[in-house]
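This report refers to the structure that appears directly beneath it.
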Amino acid sequence: MSQQFVVQLPNRPGELAHLAKALCARGVNIVRVNQTTVGDKTTAEIFTDCCDEDTTDVLRGMGYPFVTGATVTVEIEDSPCALGEMTAQLERGGITLRGCCVVGRHEGRAQWSVAVDNEPLARHLLGLDEALNPVPTKR
């Protein structure tokens, strides 16, 4: 998976459709999107399967403010305090979160995708293997 793009959009009918069609026209495939709205703004967290440069060009061309972050997938205990503990660990190491979401749950464990400003340091702080398929540590 490529970077995560956190995009600020106007909160009006069809805005996400407009963006999705523009990305489609450039051949960018959206593999996951999360959208949240507060007031007159909406934020879409967009994950694609390729084409970071094309996605960036589309977003800039449309005038949408956005930030990007490399994604790290980590498995933690599925408990009330686990997310707070994991994100505090990243904060203590100087990592800025760009976004996060649960991508799966199984047998008391939760798999999180976190977009960060420094992927290698985040992987180190979380005890993840540097391999393409990280092996999460038990917390």
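The values are calculated or read from the model by the stated rules, or taken from the named source; none is laboratory data. As the structure is a prediction and not an experimental result, all values here were calculated from the model. Please note: Cβ atoms are built from the backbone with ideal geometry, for glycine as well, and neighbour counts cover all protein chains shown.
Please name all residue pairs, on different chains or six or more residues apart, with Cβ atoms under 8 Å, provided the first residue is in the range 1-20 and is in contact (Cβ under 8 Å) with a residue 12 or more places away in the chain and under 14 Å from Val67 (Cα atoms) and the second residue is among the basic types (Lys, Arg) and surrounded by fewer than 19 Cβ atoms within 10 Å (Cβ to Cβ).
Gln8/Lys41; Leu9/Lys41
Considering only residues that are without any contact (Cβ under 8 Å) to a residue 12 or more places away in the chain and either closer than 21 Å to His18 by Cβ or among the charged types (D, E, K, R) (or both), which ones fall in the range 62-80?
Answer for the range 62-80, where residues must be without any contact (Cβ under 8 Å) to a residue 12 or more places away in the chain and either closer than 21 Å to His18 by Cβ or among the charged types (D, E, K, R) (or both): just Gly63.
Go through the range 17-38 residue by residue and tally those that are assigned to a strand (DSSP E or B) and surrounded by 13 or more Cβ atoms within 10 Å (Cβ to Cβ). Before you say what the answer is, go through the steps one by one.
Let us first name the residues in the range 17-38 that are assigned to a strand (DSSP E or B), namely 30-38.
Imposing the further condition that a residue be surrounded by 13 or more Cβ atoms within 10 Å (Cβ to Cβ) reduces the set to 30, 32-35.
Result for the range 17-38: 5.
Checking the condition touching a helix residue (DSSP H, G or I) at 6+ places or on another chain (Cβ under 8 Å), farther than 15 Å from Leu128 by Cβ, free of Cβ contacts under 8 Å to residues at least 60 places away in the same chain and of a type in the set (A, V, I, L, M), which residue from Leu97, Leu90 passes?
Checking each option against the conditions leaves just Leu97.
When Val58 is evaluated against the numbered criteria (1) in the same structural domain as Asn29 (by TED's automatic domain parsing); (2) of a type in the set (A, V, I, L, M); (3) outside any helix (DSSP H, G or I), which criterion, by number, is the only one it fails?
Tallying (1) in the same structural domain as Asn29 (by TED's automatic domain parsing); (2) of a type in the set (A, V, I, L, M); (3) outside any helix (DSSP H, G or I), Val58 fails exactly one: (3).
State which residue is modelled with the highest pLDDT when the search covers only the range 70-93 and only residues that are under 29 Å from Glu53 (Cα atoms) and touching an Asp or Glu at 6+ places or on another chain (Cβ under 9 Å).
Top of the filtered list is Val72.
Condition first: at pLDDT below 85 and in contact with a Gly (Cβ under 8 Å, 6 or more places away or on another chain). Now tell me which residues in the range 96-135 satisfy that.
Gly99
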